[in-house]
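Undergrad: Take a look at this one; I'll ask things after.
The values are calculated or read from the model by the stated rules, or taken from the named source; none is laboratory data. Computed from a predicted structure; not experimentally measured. Because the Cβ atoms are built from the backbone with ideal geometry, glycine has one as well, and the counts that use them run over all protein chains shown. SASA here: full protein model, heavy atoms, side chains in, ligands and nucleic acids out. Shrake-Rupley method; radii C 1.70, N 1.55, O 1.52, S 1.80 Å.
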Amino acid sequence: MADLTVDSINSILTSVVDKYTEQDIVSSNAINSIEFDGDKVNITVELNYPAKGYHDELTKQITDALAAKDINSVDVTIETKIVKYSTQKGVEILSEVKNIIAVASGKGGVGKSTTAVNLALALQAEGAKVAILDADIYGPSQPRMLGVSKLKPDTSAEGKLLPILGHGMQSMSIGYLVDEDNPMIWRGPMVTQALEQMLRDTLWRGIDYMIIDLPPGTGDTQLTLSQKIPVSGSVIVTTPQDIALLDARKGLKMFEKVNIPILGIIENMSLHICSKCGHEEAIFGTGGGEMMAKESAVNFLGALPLEMDIRTDVDEGTPTVAKNPEGRVAEIYKEISRKVSAKLTLQNRAMSSFPSIIIE
């Protein structure tokens, strides 16, 4: 052990590749410290994305790499430090929200809102502080999905709305402010103004990731998002069927045009497994989302099954990730959340405010 140095340990650890960032943990600056305590090597790794479900596997990768060089007394600590990443230029940031991720679909009926709330809860389960903003003014569904549709937000002394907590997660929706049965008969400018007010007039607190559940399509709300809301990245939800993929491509092209990074594509309702006999059937086709991702040179984040429990869970106000956190579907959502947040770390970090220059 006497000849071991920080450099020699780093040299060994260049072989350890983070499977989510696809970078080795040395060149990606994930190694926070390497210290020696007699024959023991203490290594602290700092990930910039939440991945509690990956910590044990990454620890084993590190200890196996060192054991291959006959270094067997190793203690690995993995910490998480989520930072703010770059957004569109000229858009005012929110001091209490580090990163905003928009979840979009080209058309309705593909399970976008269900995917958005489960993605948000998966990020929270992996170790992040998360909020969800329901941007669908005409058809808000997040209050019911979170099981808090009967609640109304209080107001702070400064006149700001206090977010509603659902499953430990901060949320805001027009659904909290109007009667559930009342239709929103508003023109576009009123909708976009309501979206901005919900975002900026809510007293968010210490958010690592805000998930924005967008309405389907490529209309006024999406344009407002690109021009006035600091978005770090976007996720496209589709089903494998051709018509859904056609509309999903429009959503993807929209984000490309407004310079919002696309973190990847999620294929929902990918495969139906009969609960009675176990027969598997691709009701909406197969592989469409993955093929679209390859054609567009963006990440394919994962495929979710067409399963009744996913639908009934949100109808009951307890999304699958919250209701059955150790289940197979929850693990798929967590895997997707790790890919989304890890992909975000490959972008430039947000610039801190320019330092004051004093001339004496």
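Undergrad: Got a sec? Which of Leu133, Leu199 is assigned to a helix (DSSP H, G or I), open to solvent by less than 10 Å² (accessible area, probe 1.4 Å), closer than 15 Å to Thr221 by Cα and touching a residue at least 12 places away in the same chain (Cβ under 8 Å)?
TA: One residue alone meets the criteria, Leu199.
Undergrad: Tell me which strands (runs of 3 or more DSSP E) are completely within the range 1-80 and hold 2 or more residues being in contact with a Ser or Thr (Cβ under 9 Å, 6 or more places away or on another chain) and among the hydroxyl-bearing types (Ser, Thr, Tyr), or say none if there are none.
TA: Passing ranges: none, list empty.
Undergrad: Determine if the range 306-322 includes at least one residue that is at pLDDT below 95, open to solvent by less than 80 Å² (accessible area, probe 1.4 Å) and either touching a His at 6+ places or on another chain (Cβ under 7 Å) or part of a loop (DSSP other than H, G, I, E, B) (or both).
TA: Yes - at least one qualifying residue is present in the range 306-322.
Undergrad: From the residues in the range 165-178 that are hydrophobic (A, V, I, L, M, F, W, C) and more than 15 Å from Thr318 (Cα to Cα), which one is most open to solvent (accessible area, probe 1.4 Å)?
TA: Across the range 165-178, the extreme among qualifying residues is Leu177.
Undergrad: Name, by its number, the condition in (1) closer than 24 Å to Thr224 by Cβ; (2) touching a Pro at 6+ places or on another chain (Cβ under 6 Å) that does not hold for Pro140.
TA: Among (1) closer than 24 Å to Thr224 by Cβ; (2) touching a Pro at 6+ places or on another chain (Cβ under 6 Å), the lone unmet condition for Pro140 is (2).
Undergrad: Would the range 262-281 turn up any residue that is surrounded by fewer than 22 Cβ atoms within 10 Å (Cβ to Cβ), touching a Ser or Thr at 6+ places or on another chain (Cβ under 6 Å) and assigned to a loop (DSSP other than H, G, I, E, B)?
TA: Checked the range 262-281: no residue is surrounded by fewer than 22 Cβ atoms within 10 Å (Cβ to Cβ), touching a Ser or Thr at 6+ places or on another chain (Cβ under 6 Å) and assigned to a loop (DSSP other than H, G, I, E, B).
Undergrad: Further, regarding this structure: Looking only at the range 234-275, filter to residues that are of a type in the set (Asp, Glu) and more than 17 Å from the chain's Cα centre (by Cα); which one of those is farthest from Gly287 (Cα to Cα)?
TA: So the residue we want is Glu256.
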